[in-house]
Amino acid sequence: MAQSLIQENRAQFGVFFVLIGILILFTIGSPQTFLSPRIYLSFMSTVPFTAIMALSLTLVVICGEMDLSFPSIMGFSGFVFAHMFHLTGSVSVALLITLLVGLGAGLTNGLLIAKLHLPSLVTTIGTQFFWAGLTQVLSGGMGKTLVPTKESPLYHIFVGRIAGGFPVQAIWAVIVAVLLWLLLNRHRVGAHIYFTGDNPHSARVMGINVDRIKIIVFTLMGLFSALAGVMASLEVVYFWPTLGQGYMLKTIAAVFLGGTPVEGGVGTIFGTFIGAIIIGILEAGIIAMGMTGFWTQLIYGLIIVISIAMHSMIRKRA
């Protein structure tokens, strides 16, 4: 049974051992930083935003599609949240409206791709520019303070600190991971996502509503992008018009590093979760070891290429 478990999950074990190896390397290179609990609390306060979007993007990629609009949806959602909070004075109302906006943005992507049969890559590039431009137009390039939200219970529920400084958003990332894992592995929608990504024509023959599955995954992508936008804004108690910029490369890298190939039909939530952690600690580890931040994107690129090659070889052997 143990050998069978390893054979079936060798890709997930592989990315986990990559994480352990990177932590050992960084600990040897900078023991003062990586033997301190502060650095891990810092990771748990920043990595969840990337992880939440990477986990939802995993469903899209398994489905055989791609979404490049999520950073802009994240930024626009941050604006909507800040604007509605200043307009209504209610964090809960602002949160509800923002999540509905995120659902709408994701649903729009899904309808354009599933019903009009537009290529997802090109379509979401277009919607990325649309939401980013709309954010700049409506905000006028100006930020908004969210300091008064610290008096709301919802602030502490989403980005508060418990047990001596443990970031609550890390718990949210785990909750999202568990929910999406259950969807993929314990619900027929998850099976339909895998079938759709593997072969959409065969999936239709089997009676699967492929269009509906694609709409679902893009709608969830929009929802979780909005959630990440709200949480990131609350964490710094300020909305920046540039919110979302810089997340695309890290999020996509986490998905590919976690073993979800761009062809679709294969992928795991656990792999993406570990991939997000690896991507999250790389920049801090590179700088802590005395290297300049210019190395970060170079190493991101190497990791993406190496991980794709590694997972490809594992699948061929399997």
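The chain: D in µm²/s via Stokes-Einstein (Kirkwood Rh, Cα pairs, 25 °C, 0.890 mPa s)? Mind dumping the intermediate values first?
Numbers: Rh = 20.2 Å.
Estimated via Stokes-Einstein, D reaches 122 µm²/s.
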**Request:** Return the FRET efficiency for the residue pair I287, L154: r is the Cβ-Cβ distance, R0 is 30 Å, and the value is rounded to the nearest 0.05.
**Result:** 0.35
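What relative contact order, as a whole-number percentage, does the chain give when Cα pairs under 8 Å and 6 or more residues apart are counted? Don't skip to the end; give the middle numbers.
Numbers: 514 pairs, mean separation 104.9, N = 318.
So the answer I get is 33 percent.
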**Request:** Return the whole-Å distance between the Cα centroid of segment 114-164 and the Cα centroid of segment 176-233.
**Result:** 21 Å
**Helical contribution to [θ] at 222 nm, DSSP H n ≥ 4, -39,500 (n - 2.57), averaged over the chain, rounded to 500** = -25500 deg cm²/dmol
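Report the net charge of residues surrounding R212, where surrounding means a beta-carbon distance below 13 angstrom and charges are Lys +1, Arg +1, Asp -1, Glu -1. Provide the component values of the computation, followed by the final result.
Numbers: positive: K115, R188, R204, K214; negative: D211.
Net of charged neighbours comes to +3.
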**Request:** Have a look at segment 39-122 and give its Rg and Dmax from the Cα atoms, expressed in angstrom.
**Result:** 15.2, 47
**Item:** Candidates A173, A191, A94, ranked by Gaussian network fluctuation over the chain, Cα under 10 Å, top entry
**Value:** A191
**Most mobile of I279, I308, I24 in a GNM of the chain (Cα contacts under 10 Å)** = I24
**Asked** Among G102, T149, G164, whose Cα lies farthest out toward the positive end of the dipole of segment 57-212, if unit charges sit on the beta carbon of Lys, Arg (+1) and Asp, Glu (-1)?
**Response** G164
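Please compute the contact order of segment 183-318 in relative form: average sequence separation of alpha-carbon pairs under 8 Å and at least six residues apart, divided by the residue count, as a percent.
Numbers: 110 pairs, mean separation 26.6, N = 136.
About 20 percent, as a whole number.
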**Message:** Of S233, L23, V262, which is farthest towards the positive pole of the chain's charge dipole, taken about the Cα centre with +1 and -1 on the beta-carbons of Lys, Arg and Asp, Glu respectively?
**Reply:** V262
**Asked** Under unit Cβ charges (Lys, Arg +1; Asp, Glu -1), what dipole magnitude, rounded to 20 debye, does the chain have relative to its Cα centre?
**Response** 320 debye
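How high is the relative contact order of segment 6-162, in percent, with contacts defined as C-alpha pairs under 8 Å that are six or more residues apart?
Working: 92 pairs, mean separation 34.6, N = 157.
Averaging sequence separation for qualifying contacts and normalising by length gives 22 percent for segment 6-162.
What is the fewest-to-most order of I39, I252 by other Cβ atoms lying within 10 Å of their Cβ? Walk me through the intermediate numbers first.
Details: I39 18, I252 22.
Listed from fewest to most nearby Cβ atoms, that is I39, I252.
Please give the peptides 254-264, 146-156 ranked by average Cβ packing (other Cβ atoms within 10 Å per residue), highest first, as a rough proxy for protection.
Numbers: 254-264: 23.5, 146-156: 14.9.
Sorting 254-264, 146-156 by mean packing, highest first, produces 254-264, 146-156.
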**Message:** Which lysines, if any, have their Cα less than 28 Å from the Cα of K214, not counting same-chain residues under 8 positions apart?
**Reply:** K115, K250, K316
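Read-outs: derived from the displayed coordinates by stated rules, not from any lab. Nothing here was measured: the structure is a model prediction, and the numbers come from that model. Neighbour counts are summed over all protein chains in view; Cβ atoms, including those assigned to glycine, are modelled from backbone coordinates with ideal geometry.
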